[in-house]
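What follows is calculated from the coordinates using simple rules that are stated; it is not laboratory data. Keep in mind the model is a prediction, meaning the values are calculated, not measured. Neighbour counts are summed over all protein chains in view; Cβ atoms, including those assigned to glycine, are modelled from backbone coordinates with ideal geometry.
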Amino acid sequence: MPGAHRTLGTGGQLLLCYSALGCILASNPLIRFHNVQKTFGPKVVYRGLNLEMHRGEVLTMVGGSGVGKSVMLKMLIGLLKPDAGSIVFDGEEVTTMKERQLARVRQRIAMLFQSGALFDSLTVGQNVAYGLEEHFQHKMTRSEIEDRVDWALSLVDLPGIELMRPADLSGGMRKRVGLARAIAVRPEVLLYDEPTTGLDPINTARVNHLIMGLQERLKITSIVVTHDMKSAFTISDRMAMVHTGRIICWGTVEKFRASTDPRVHDFIEGVAPVKEDVETLLNA
Ligand SMILES: Nc1ncnc2c1ncn2[C@@H]1O[C@H](COP(=O)(O)OP(=O)(O)OP(=O)(O)O)[C@@H](O)[C@H]1O
Ligand SMILES: [Mg+2]
């Protein structure tokens, strides 16, 4: 249930409704990965990815670098095809969709790319308007597009920079412009690939509040890929950890904190055999 641990009280009746609703929602996930397999040549990224998420929740994906988090997001919107398995969005199989159907999916699921993926030849305003023009070409007037661009840039605390070029922005600003572009289309689902990497603590908090605000006010469902455990614990309804081609832990923040799996515990605590590795290298 979206935001349940943050917003619901503890009245018995309420809990009863919550649990009944939870059962209904659980049987009808918005997104479902089932036994998804993906390789790149000899590199096995997923050997059996199973994951469900429900309308309105914030799911955070964590896991080491290179385990396949970005690949998972790209498979969901059809930018990459799995070798086997099923990916269902709102009752429809994505893996077999043609480009035209995928375009409709991408209208409903927007993605903030890890790199920001801005077009350097366009202004910031044109970048933010890009998805609007692509998806709503004949449905929005020029002034409606301008208003929406202004709204999206204000949400990420960058109002009035429409005429600047991406090359003139700092890394953190580029990231937030990428976020504004994803939000501008008012998607049902937002995929955030490392939304706070490279941001200072104030902007990290701002982006976290924005993710939660979009969930609460616009009912946007979010998948957030992050290495930032503090942010993950702040924003998540549920978390999932990817390791060696599978989800090895899935559940609430409380479940993650209580996990006795050393791989989960070490990741959360930032414990890694780095010291030994470095010492071995230095002694070599
Ligand atoms: N288009 C591609 N062609 C070949 N290999 C790819 C491609 N995309 C991803 N990979 C490989 O798949 C693996 C998973 O990549 P992915 O980008 O999903 O990692 P990640 O978990 O997002 O890592 P990070 O936290 O560093 O962003 C990596 O080994 C990567 O090199
Ligand atoms: Mg990545």
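Among the residues making up segment 53-86, those that are more than 14 Å from ligand 2 (Cβ to nearest atom) and within 14 Å of the chain's Cα centre (by Cα) are Met53, His54, Arg55, Gly56, Glu57, Val58, Leu59, Ile77.
Just name the residue that is nearest to ligand 1 (Cβ to nearest atom) out of those in segment 74-86 that are touching a residue at least 24 places away in the same chain (Cβ under 8 Å) and among the aliphatic types (A, V, I, L, M). Across segment 74-86, the extreme among qualifying residues is Leu80. Scanning segment 151-168 for residues that are more than 23 Å from the chain's Cα centre (by Cα) and either surrounded by fewer than 17 Cβ atoms within 10 Å (Cβ to Cβ) or within 21 Å of Tyr192 (Cα to Cα) (or both) yields Pro159, Gly160, Leu163, Met164, Arg165, Ala167, Asp168. For segment 182-284, the strands (runs of 3 or more DSSP E) that sit wholly inside it and include 3 or more residues that are surrounded by fewer than 21 Cβ atoms within 10 Å (Cβ to Cβ) are 246-251. Of everything in segment 237-255 that is under 24 Å from Leu214 (Cβ atoms) and touching a His at 6+ places or on another chain (Cβ under 9 Å), the residue that is nearest to ligand 2 (Cβ to nearest atom) is Arg238. Listed by first and then second residue, the pairs with beta-carbon distance under 8 Å, at least 6 apart or on different chains, first residue in segment 58-73 and within 22 Å of Leu218 (Cα to Cα), second more than 7 Å from ligand 1 (Cβ to nearest atom) and basic (Lys, Arg), are Val58/Arg238; Leu59/Arg238; Thr60/Arg238.
Being in a helix (DSSP H, G or I) and either touching a residue at least 60 places away in the same chain (Cβ under 8 Å) or more than 16 Å from the chain's Cα centre (by Cα) (or both) is the filter here; which residues of segment 87-111 pass it? Across segment 87-111, the qualifying residues are Glu99, Arg100, Gln101, Leu102, Ala103, Arg104, Gln107, Arg108. Of the residues making up segment 148-200, just one is aromatic (Phe, Trp, Tyr) and farther than 24 Å from Ser70 by Cβ, namely Trp151. Quick one: in segment 194-230, which of the residues that are closer than 19 Å to Gly116 by Cα and among the hydroxyl-bearing types (Ser, Thr, Tyr) is farthest from the chain's Cα centre (by Cα)? Within segment 194-230, the match that is farthest from the chain's Cα centre (by Cα) is Thr204. Taking every residue in segment 177-194 that is farther than 19 Å from Ser231 by Cα and in contact (Cβ under 8 Å) with a residue 40 or more places away in the chain and pairing it with any residue that is assigned to a helix (DSSP H, G or I) and polar (S, T, N, Q), at least 6 positions away or on another chain, the pairs with Cβ-Cβ distances below 8 Å are Val177/Asn127; Arg181/Asn127; Val185/Gln107; Pro187/Gln107.
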